[in-house]
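Below you'll find the structure, written out as structure tokens, and then a few comments.
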Amino acid sequence: MKNILSILSICIYFNASAQTKPTFPTLAGHTLEGTAISLPEQPAKKFSIIGICFKRTAEENLKTWITPMYETFVAKANGTDYFDVANYYDVNYFFIPLISGFKKAANDFKASTQKELWKNVIDCDTDIKLLKEQLKPSDDNQPYFFVLDLNGKIVEVVSGKYSEDKMDKLQDAID
């Protein structure tokens, strides 16, 4: 009986470790600052969070994420608060609007956003249909946020309207 349990434990361990996390597909584009970029970054020095909006219909739910994501992952402390969460979460954060007509609307988008965010917004040159096939969103009317580890593997995905539970999932995946 003891041998059977040992063998069963070993089989479960190897089965669990054999399951691989999906890799985020390679995409190319440029930031709103005009810098060429390829994701996932290789070699990555820190985790990445990539927000993707597949359709304009996702915009309302996406707006609920803007302030919490900015305050948690983008904003830098002014140096007075050493316990600021932005200092703790040192991640790459990118937003990729895969919506039709974004190239034409990029200047309007730039005019309505803070200049410090331009380096975080990517105008994607990779075929949107190919990205959809690879990422397989269950509802492309929702925004998606992918957490990537240092190897470009997807370790967490959340979608839809912002909630504290969803933000906790992103933060837990980084920890």
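What follows is calculated from the coordinates using simple rules that are stated; it is not laboratory data. Just so it is clear, the structure is predicted and the values come from calculations on it, not from any experiment. Please note: Cβ atoms are built from the backbone with ideal geometry, for glycine as well, and neighbour counts cover all protein chains shown.
Things to note:
- Working from label points 7 Å from Cα in the Cα-to-Cβ sense, the N151 to F109 distance is 3.1 nm.
- Residues of the range 144-175 with amide N under 20 Å of the 7 Å Cα→Cβ point at T31: 146-150, 152
- Extending 7 Å from the Cα toward the beta-carbon at both D175 and Q42 defines two label points whose distance is 3.1 nm.
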